[in-house]
Each structure stands twice: as C-alpha cells, then as structure tokens.
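These notes concern the structure reproduced below.
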C-alpha cells in the first residue's frame with residue numbers, strides 16, 4: 001500500500017484527483033472499521049453469551065458494553081496527554097495491544113473476567129479512535145475536515161454491519177473461541193494498515209513537553225457553550241444507539257418474531273442505508289450548517305422509534321434502519337464540529353468528546369437494560385426517545 005497524506009494547505013485546495021480522494025476516504029474508513037469492529041460485533045452474539053454465562057440479558061448487556069467505560073476513561077487520558085503523543089505511532093501501538101484482550105476473550109472463564117477484558121478492549125479502542133480524530137483534525141482543513149470525519153464515521157457504520165454479521169456467522173458455525181481469535185487478527189490487521197498508509201504528521205502539531213496545563217485547556221473547552229453542547233449530544237447519541245441495538249436483539253429472537261442466530265446476523269444489513277448516507281455528512285454541513293444537519297439526523301432517528309414497537313419483523317427493521325441513519329449522521333456531524341470548534345486543541349477536545357460519548361453508551365446500557373428487564377421493550381424505547389429529544393434541543397448551541 002502507498003502512504004496517504006491527509007494534509008491540505010489552508011489557502012490552497014487539496015491537490016487530489018478524484019481517484020486519489022476516493023483512495024484517501026477509503027483508507028480513513030478502513031482504519032475506522034478495524035479500530036472499532038470489536039465494539040459492536042459482540043452485541044450480535046448477546047443471546048449466545050447469555051446462554052454461555054447463564055445470566056440475564058441486562059447483566060450480559062452491561063458486561064458486553066463495559067468496553068464503553070474503558071473507552072470513556074481512555075478518552076480522558078489521551079485528552080490529557082494528547083500534546084505529547086505521536087498520533088501515528090500511538091494508533092499503531094493501540095491497535096496492536098487491542099489484539100491481546102480480544103484473543104483472551106476466547107477463553108474467559110467467568111463473567112468478571114469477560115467484563116474486565118471488554119474494559120481493556122475499550123481502553124485500546126478509544127486510544128486509537130481519539131488519536132485518529134486528532135490526526136484528521138490537524139492534518140486537514142476546511143471542508144476536507146468534514147469529509148475526513150464523515151469517512152471515519154462511515155467506517156464505524158460498516159463495522160456495525162459487517163462486524164455483527166461476521167461475529168454472528170462465526171459464532172454460529174465455529175463457536176465463540178474462534179470468533180474472538182478472528183477478531184484479534186483483525187486488530188493486528190488494523191495496526192498494519194495504519195503503518196502502511198498513514199504518513200507521519202506533516203507539521204509538528206504534537207508539542208512535546210508543552211508547558212500549558214491540560215486542565216486549563218479542558219476548562220477552556222468546557223467554558224465554550226458549543227463544545228459543552230457537543231459533548232452532551234455525543235453522550236445522548238451513544239446512549240440511544242446502545243440502548244436500541246443492544247436490547248433489540250432479544251426482541252428479534254423472541255416470539256412473535258423469533259429469529260435464529262444466523263438470521264439475527266443478517267438483520268444488521270439495516271446499517272446499509274447509513275453506509276450510503278453518512279459519507280455525505282460533510283457536504284450537508286457545508287451547505288446547511290452543522291446545526292441543521294445535526295437536527296436532521298436526530299429527527300430521522302426519532303422517527304424510527306415507534307416502528308421498533310411493532311410486533312412484526314419488517315417495521316422493526318425499518319425503525320432500526322432509521323435509528324442507524326440518524327444517529328450516524330448526527331455522530332459524523334458532531335465529531336467534525338468538535339474538531340473545528342477546538343481551535344488548535346483537537347486532541348484534547350476529541351478526547352473529551354469521546355469520553356462523554358462512550359460514557360453515554362455505558363449509562364445507556366445500564367439504565368436501559370434495567371428498564372428492559374423491569375418494564376419491557378417499550379420502556380427501553382421510551383428512554384431512547386428522551387435522550388434523542390434532549391440532544392435535538394441541545395443542538396441550538398452547535399454553532400461557531
């Protein structure tokens with residue numbers, strides 16, 4: 001593979017042909033795919049894990065999503081040390097280390113060990129995720145930044161689809177251990193792709209030993225109303241996404257729908273529309289602005305919620321597709337906005353955003369899991385709706 005530079009001059013258009021730009025966007029999406037493919041793939045085998053460990057759906061859902069706690073903590077740590085971490089090297093090391101807990105999950109003897117390993121996966125995934133967002137923000141400018149972030153989130157969407165499908169098919173045909181070994185191999189492949197494709201940073205955005213206190217940088221970020229709103233919106237987006245796509249699995253395998261494990265994997269073709277729509281987030285932001293694009297995404301997700309309550313497969317699938325399209329469009333928009341609004345501190349701002357984002361996933365998994373067990377699927381969907389409506393209201397502050 002040839003190396004791909006993300007840099008573009010601030011006062012000149014990027015000298016990319018159509019083919020070069022397509023290659024550039026593809027590389028970004030592939031890196032994203034291989035960074036977070038472990039995060040959501042395990043959700044596709046939740047019913048199998050419930051049987052394997054003999055626990056309730058709520059308990060297993062919380063254990064599987066312990067990765068989001070690791071991601072929230074890692075996001076804060078990377079945000080604090082962002083000024084002294086080489087982006088490219090950090091991504092490579094994070095993805096290589098990620099392969100270790102992934103492989104160990106193949107033989108986790110109990111739920112506590114499983115939960116700890118998922119937590120460790122989250123630490124590594126978030127480090128790679130945060131450093132990649134910082135790299136993209138610092139090595140692009142203008143509309144190229146929005147396009148790069150849209151490509152990265154598109155890779156996240158693809159990991160949701162193909163990661164879940166791959167996990168469900170492997171677990172069903174080869175068993176749980178083989179599933180985790182194969183995903184460990186994908187982690188190592190991600191490190192190799194980064195090493196072969198990303199250039200070293202074209203300018204020294206990394207300030208080794210920068211004297212400025214990172215706590216001062218954080219306070220400046222948190223004093224900004226647009227950034228505060230963006231961080232909270234990120235929390236709400238993953239709260240809603242995790243709540244929907246974790247517990248809908250149990251609705252799909254129970255009567256009256258009653259899907260088998262292989263069929264459950266194919267259900268996640270509902271993410272195909274999001275793979276088509278997410279890449280245009282940058283163009284939508286350029287034309288309509290971040291606020292309007294963000295609200296459009298959230299409105300699409302909200303529109304899908306009533307369909308999730310239908311007692312038949314096709315309405316539920318359409319509802320899932322709408323939630324996927326809306327949340328990923330909102331996520332691409334919010335992520336790009338944070339990179340632009342950080343004013344030269346993209347690493348720390350991206351870390352704070354991702355810490356809030358993944359904390360929302362953890363809280364959503366825990367709270368909505370309890371709601372699901374105690375009050376059923378309608379209560380879970382109601383909690384998702386409240387989160388999305390709150391994010392829609394907060395979008396009023398998303399403007400530069």
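Only one residue in 369, 364, 385 is within 20 Å of the chain's Cα centre (by Cα) and either within 28 Å of residue 82 (Cβ to Cβ) or not in a helix (DSSP H, G or I) (or both). Which one?
One residue alone meets the criteria, 364.
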Quiz item: Conditions: (1) surrounded by fewer than 22 Cβ atoms within 10 Å (Cβ to Cβ); (2) at pLDDT 90 or above; (3) under 24 Å from the mean Cα position of the chain (by Cα). Residue 257 meets all but one. Number of the miss?
Solution: (3)
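Here is a yes/no grid of residues against (1) within 17 Å of the chain's Cα centre (by Cα); (2) within 24 Å of residue 393 (Cβ to Cβ); (3) part of a loop (DSSP other than H, G, I, E, B); (4) modelled with pLDDT under 90:
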site: 272; (1), (2), (3), (4): yes, no, no, no
site: 301; (1), (2), (3), (4): yes, yes, no, no
site: 319; (1), (2), (3), (4): no, yes, no, no
site: 348; (1), (2), (3), (4): no, no, no, yes
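For the stretch 35-59, which residues satisfy the criterion of being under 30 Å from residue 133 (Cα atoms) and at pLDDT below 90? Show your work before the answer.
Just the residues of the stretch 35-59 that are under 30 Å from residue 133 (Cα atoms), to begin with: 35-46.
Hits for the stretch 35-59 are 39, 40, 41, 42, 43, 44, 45, 46.
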Exercise. Please work out if residue 154 is in contact with a strand residue (DSSP E or B) (Cβ under 9 Å, 6 or more places away or on another chain) and either in contact (Cβ under 8 Å) with a residue 24 or more places away in the chain or more than 27 Å from residue 59 (Cβ to Cβ) (or both).
Key: no
Exercise. Determine whether the stretch 301-308 contains at least one residue that is closer than 22 Å to residue 61 by Cα and surrounded by fewer than 21 Cβ atoms within 10 Å (Cβ to Cβ).
Key: yes
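Can you pull out the residues in the stretch 47-62 that are in contact with a helix residue (DSSP H, G or I) (Cβ under 7 Å, 6 or more places away or on another chain) and surrounded by fewer than 24 Cβ atoms within 10 Å (Cβ to Cβ)?
Of the stretch 47-62, the ones in contact with a helix residue (DSSP H, G or I) (Cβ under 7 Å, 6 or more places away or on another chain) are 47-50, 52-53, 55-58, 60-62.
Within the stretch 47-62, 47, 48, 49, 50, 52, 53, 55, 56, 57, 58, 62 qualify.
Within the bounds of the stretch 66-76, is there any residue that is touching a residue at least 40 places away in the same chain (Cβ under 8 Å), farther than 18 Å from residue 353 by Cβ and within 19 Å of the chain's Cα centre (by Cα)?
yes
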Quiz prompt | Residue check, residue 99 at pLDDT below 95, out of contact with any strand residue (DSSP E or B) (no Cβ under 7 Å at 6 or more places or on another chain) and closer than 17 Å to residue 39 by Cβ | solution = no
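Matching residues to (1) buried (at least 17 other Cβ atoms within 10 Å of the Cβ); (2) modelled with pLDDT of 85 or more; (3) outside any helix (DSSP H, G or I):
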residue	(1), (2), (3)
177	no, yes, no
186	yes, yes, no
191	yes, yes, no
218	yes, no, no
230	yes, yes, no
Exercise. Output yes when any residue across the stretch 324-347 is closer than 27 Å to residue 63 by Cα, surrounded by fewer than 24 Cβ atoms within 10 Å (Cβ to Cβ) and touching a residue at least 40 places away in the same chain (Cβ under 8 Å), and no when none is.
Key: no
Exercise. For residues that are without any contact (Cβ under 8 Å) to a residue 40 or more places away in the chain and touching a helix residue (DSSP H, G or I) at 6+ places or on another chain (Cβ under 6 Å), scanning just the stretch 362-398, find the one that is surrounded by the fewest Cβ atoms within 10 Å (Cβ to Cβ).
Key: 379
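The values are calculated or read from the model by the stated rules, or taken from the named source; none is laboratory data. What you see is a predicted model; the values in this text were computed from it and never measured. We place every Cβ from the backbone using ideal geometry, glycine too, and count neighbours over all the protein chains shown.
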